[in-house]
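Enquirer: Here it is, the structure, as structure tokens.
The values are calculated or read from the model by the stated rules, or taken from the named source; none is laboratory data. Only a predicted model underlies this, so the values are computations on that prediction, with no experimental measurement involved. When we count neighbours, we look across all protein chains shown, and the Cβ atoms used for this are built from the backbone with ideal geometry, even at glycine.
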Amino acid sequence: MTLVATAAHATPGGSPATPRPRRPRPLWPYLFIAPACAALVFGFIYPLISVVRNSFYAGTVYELNFVGIGNFKTLFEDPIFRTSIANNLRLLLTVPVMTVLALAVAAILHSGVRGGVFYRAAVFLPYILPAAGIGLGFSVFLQFNGGLNQSLRAVGMGGLAYDWLGSPNLAIWSVGAVVVWQQLGFGVVVFLAALLSLPVEVTEAARMDGASWWRIQTRVHLPQIRGTIEFFVVLQAITVLSLVFTYVYILTTGGPSNSSSVMEFYIWRSGFAQGSVGLANAAAVVLLALAGVLIAIYMRLRLRDDDPALR
Amino acid sequence: MNVVRRGATTISGQIVLLALTLISLGPLAFMAATSLRTTSDYALNPAGLPGALTWDNYIAALTDLPTLRWALNSFLVSATSVAVSTAIATLAAFAITFGRFRGRSVLLGGSIGFIMVPPVVLLLPMFVFMVNVKLVNNLASVTIFYSCLLVPFAIFFLVTFFRTIPAELLEAAVVDGAGPLRSLVSVVLPLSRAALLTVATVNLIWAWNELLISLVFLQDENQRTLMAGLSLLQGRYTTNQPLLLAAAMLSVIPVALFYLFSQRSFVKGLTAGIGK
């Protein structure tokens, strides 16, 4: 903190005619942050307060009646909402899969494989492409007679040709698979960057002691990038909990018969397709509470890492 | 790359990476190939290689559908919201890094927390607001909302970068009589070109790819963004997969090309939210 305070003294602003050590706080920072504060209040704080308040009301957008916790009761009695939460929890299972896969790929790339730059680019590419466009591609690819199943049949594995998006038991897992497909490259790039920043001396010393490749990865590298792994896990948990609307909307539209609905989809559906504004607000509050726990963990990690930078 | 051990791991490593590359690029290749086939050719064998290549699906996607209009809308919304949010965030990040004011850490902490708030939670109150000010079906509604949503990440990223600028440089500017705005413009900004480019790149892609908000706020067919427009086609062209995928490719190609030219910015920006 001290360095920042010193830097602040050195900053412009304030009148030059105040030689005292304790200068009045200059005004300019408040002017500089004013637009940002306006954006945050309008874009985040106002809607957050509003959604919490409105979750205790039912009716239409224009006419709301106070119903206490009535919306929440209805919500948890609604089997579709329970399915939606369960599906978000199922999607959480993709996080360890993604993490382990990404770590493995990053470790291999880090070990200096020929063509590493190409592989990294190829694996990362899906991550930045629009989920809506990619989702359309997968919705055709995963059709019962789509590209994937026809390929499986062609190589004699027709028994594996399931109705990926059309079967109530499979649909959410297919959504999860597309999420993994798209997010994996992000993990690879993040972990590779962390591995590349490690001091070479430690690895060298372990190698001198005769440690195997596997042992170096698990005992030397993994503990050192633990912080990055924690970040990734929390970020991806937030992602599958609250940022998968596009996948569900494009791939399955929550179907068949709501079996692949997630909380975001439920909020959209009840709020905008069915006009149950009270339910949508209550569901949004539930999602906010769940995401809030993860966001709090994320902030803790972030600030813990940030402290040395703040100095 | 520092080599841990070559040999056995190299061979198995190559196999793993090759398999993964196939999985990563396979579905994209399927999309691209299908978009270049005729409907009947695709129906005969969805997984096979295209019989005769045709551009007809792209021509249809561009002329029969308002795809170009949607793409233009997407571009306007993304470019405007990125410009506005980056400008707002630059001022705030400069004040947070070099200024002294009450609530500095609250503003920074709040920004970090807001990065991860799910937009769907904010959607209903924002919709009511946009209805009240009669901006629904107007690109401005989405542009305004995006501009706000992009501010927290930009603040966080720029503060992290500004902290690496030596305080002596600013002191020198102050000695020369520069005020805060001049210090920002003539000392900090010239050093921050790469960082600003990174923020802009990451946020531009986010805005271009966004679906939920534009789907809700822009319901008039001609006012849609490309992603919201594409989502309309889903139900409409279920039996014309090649056309559907040609339209999808038109949303993917600009991003892929952009990625090719700015890979570094992407990687830097996207890894900034995580480790150090």
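Enquirer: Which condition breaks for residue A:226 when tested against (1) surrounded by fewer than 18 Cβ atoms within 10 Å (Cβ to Cβ); (2) free of Cβ contacts under 8 Å to residues at least 60 places away in the same chain; (3) over 18 Å from residue A:98 (Cβ atoms)?
Expert: Of (1) surrounded by fewer than 18 Cβ atoms within 10 Å (Cβ to Cβ); (2) free of Cβ contacts under 8 Å to residues at least 60 places away in the same chain; (3) over 18 Å from residue A:98 (Cβ atoms), only one is false for residue A:226: (3).
Enquirer: Do we find that residue B:124 is without any contact (Cβ under 8 Å) to a residue 12 or more places away in the chain and in a helix (DSSP H, G or I) in this structure?
Expert: Answer is yes for this residue.
Enquirer: Ok, one more. Pairs needed: first member in the range B:22-48, among the charged types (D, E, K, R); second member anywhere, outside any loop (DSSP other than H, G, I, E, B); C-beta distance under 7 Å; at least 6 residues apart or different chains.
Expert: From residues that are among the charged types (D, E, K, R), the pairs are B:37/B:242.
Enquirer: Out of (1) more than 9 Å from chain B (Cβ to nearest Cβ); (2) surrounded by fewer than 22 Cβ atoms within 10 Å (Cβ to Cβ); (3) in contact with a Gly (Cβ under 9 Å, 6 or more places away or on another chain); (4) modelled with pLDDT of 90 or more, the odd one out for residue A:296 is which?
Expert: Failing condition for residue A:296: (1).
Enquirer: Hey, any hits in the range B:44-58 for a residue that's within 13 Å of another protein chain (Cβ to nearest Cβ), farther than 19 Å from residue B:224 by Cα and assigned to a helix (DSSP H, G or I)?
Expert: Yes: one or more hits.
Enquirer: Would you check which residues across the range B:175-188 are within 9 Å of another protein chain (Cβ to nearest Cβ), surrounded by 14 or more Cβ atoms within 10 Å (Cβ to Cβ) and more than 17 Å from residue B:101 (Cβ to Cβ) and list them?
Expert: Matches in the range B:175-188: B:178, B:182.
Enquirer: Moving on to the next point. Look through B:41, B:64 and report the one residue that is closer than 22 Å to residue B:228 by Cα and of a type in the set (Asp, Glu).
Expert: So the residue among B:41, B:64 that is closer than 22 Å to residue B:228 by Cα and of a type in the set (Asp, Glu) is B:64.
Enquirer: With the requirement that a residue be facing chain B (nearest Cβ under 7 Å) and at pLDDT below 90, what does the range A:139-163 give you?
Expert: Once the filter is applied, which keeps residues that are facing chain B (nearest Cβ under 7 Å) and at pLDDT below 90, the range A:139-163 yields A:145, A:146, A:147, A:150, A:151, A:154.
Enquirer: With surrounded by 19 or more Cβ atoms within 10 Å (Cβ to Cβ) and either among the basic types (Lys, Arg) or modelled with pLDDT under 95 (or both) as the only criterion, which of B:115, B:155 stands out?
Expert: One residue alone meets the criteria, B:115.
Enquirer: Restrict the check to the range B:226-233 and report whether at least one residue is surrounded by fewer than 24 Cβ atoms within 10 Å (Cβ to Cβ), of a type in the set (Ser, Thr, Tyr) and assigned to a loop (DSSP other than H, G, I, E, B).
Expert: Checked the range B:226-233: no residue is surrounded by fewer than 24 Cβ atoms within 10 Å (Cβ to Cβ), of a type in the set (Ser, Thr, Tyr) and assigned to a loop (DSSP other than H, G, I, E, B).
Enquirer: Can you tell me which residue among B:85, B:105, B:192, B:141 is more than 10 Å from chain A (Cβ to nearest Cβ) and more than 30 Å from residue A:279 (Cα to Cα)?
Expert: Answer to the check: B:192.
Enquirer: May I pose another question? Looking at residue A:243 and the list (1) within 14 Å of the chain's Cα centre (by Cα); (2) facing chain B (nearest Cβ under 7 Å); (3) in contact (Cβ under 8 Å) with a residue 60 or more places away in the chain, which single condition is not satisfied?
Expert: (3)
Enquirer: When you check residue A:136 against the structure, is it out of contact with any Cys (no Cβ under 8 Å at 6 or more places or on another chain), at the interface with chain B (Cβ under 10 Å from one of its Cβ atoms), farther than 26 Å from residue A:248 by Cα and surrounded by 23 or more Cβ atoms within 10 Å (Cβ to Cβ), yes or no?
Expert: Answer is no for this residue.
Enquirer: Right, residue A:95: modelled with pLDDT under 90 and crowded, with 16+ Cβ neighbours inside 10 Å or not?
Expert: no
Enquirer: Among the numbered criteria (1) hydroxyl-bearing (Ser, Thr, Tyr); (2) within 30 Å of residue B:215 (Cβ to Cβ); (3) more than 9 Å from chain B (Cβ to nearest Cβ), which single criterion is violated by residue A:127?
Expert: (3)
Enquirer: Another question about this same structure. Might you check whether a residue that is among the polar types (S, T, N, Q), part of a helix (DSSP H, G or I) and crowded, with 23+ Cβ neighbours inside 10 Å occurs anywhere in the range B:250-261?
Expert: yes
Enquirer: Right, here's the next one. Report yes if residue A:261 is modelled with pLDDT of 95 or more, more than 9 Å from chain B (Cβ to nearest Cβ) and part of a loop (DSSP other than H, G, I, E, B), otherwise no.
Expert: So residue A:261 passes the test.
Enquirer: Further question on the same structure: From the list B:91, B:150, B:158, which one is at the interface with chain A (Cβ under 7 Å from one of its Cβ atoms), touching a residue at least 12 places away in the same chain (Cβ under 8 Å) and out of contact with any His (no Cβ under 9 Å at 6 or more places or on another chain)?
Expert: So the residue among B:91, B:150, B:158 that is at the interface with chain A (Cβ under 7 Å from one of its Cβ atoms), touching a residue at least 12 places away in the same chain (Cβ under 8 Å) and out of contact with any His (no Cβ under 9 Å at 6 or more places or on another chain) is B:91.
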